[in-house]
Amino acid sequence: MLLPKKNRPKMRGGKANKRGDPVATTIGQRIRYLRERNDMTKLALARLMHVDRRTISRWEDDAAFPRSEDIARLSQIFGVSCDLIVIGKPKQQ
């Protein structure tokens, strides 16, 4: 679910891709962007992921990294590919 462009969260740094989405350079920044773009709190995401809210905070602060199965679950929740979360680019087919 994409929010209208005017309601999308802004990323620090001001860079944007061709679609106008901010470019996130770390996994944590991409998780935060996807969570905010979907108008979701850390607590709501934590409940969907079956983890503690502090775990989401650690991921977003790049203090810890999600396991591969957590990345797969995040991709299902946000409707994006695992590649987008891990490397920042959708899978090329």
Starting with the highest mean, order 63-70, 49-56, 30-37 by the number of other Cβ atoms within 10 Å, averaged over the residues of each peptide. 30-37, 49-56, 63-70
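Under 14 Å from the Cβ of T41, count the other residues' Cβ atoms, weight Lys and Arg +1, Asp and Glu -1, and hand me the total. List each step's numbers first, then the result.
On the way: positive: R32, R35, R37, K42, R47, R53, R54; negative: E36, D39, D52, E60.
Cβ neighbours under 14 Å give a net charge of +3.
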Modelled label-to-label distance, C82 and R54, 7 Å Cα→beta-carbon offset: nm? 2.8
Any chance you could get the radius of gyration and Dmax over the Cα atoms of segment 25-93, in Å? 11.0, 36
Rounded to whole Hz and in sequence order, give me ³J(HN,Hα) for segment 69-82 from the Karplus expression 6.51 cos²θ - 1.76 cosθ + 1.60, θ = phi - 60°, writing x for Gly and Pro. 5, 5, 5, 4, 5, 4, 5, 5, 4, 8, x, 10, 7, 4
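Since every read-out is calculated from the coordinates, none of them should be taken as a lab result. Treat the numbers as computed from the prediction; the structure is a model and nothing was measured. Reconstructed Cβ throughout: ideal geometry from the backbone, glycine too, with neighbour counts over all protein chains shown.
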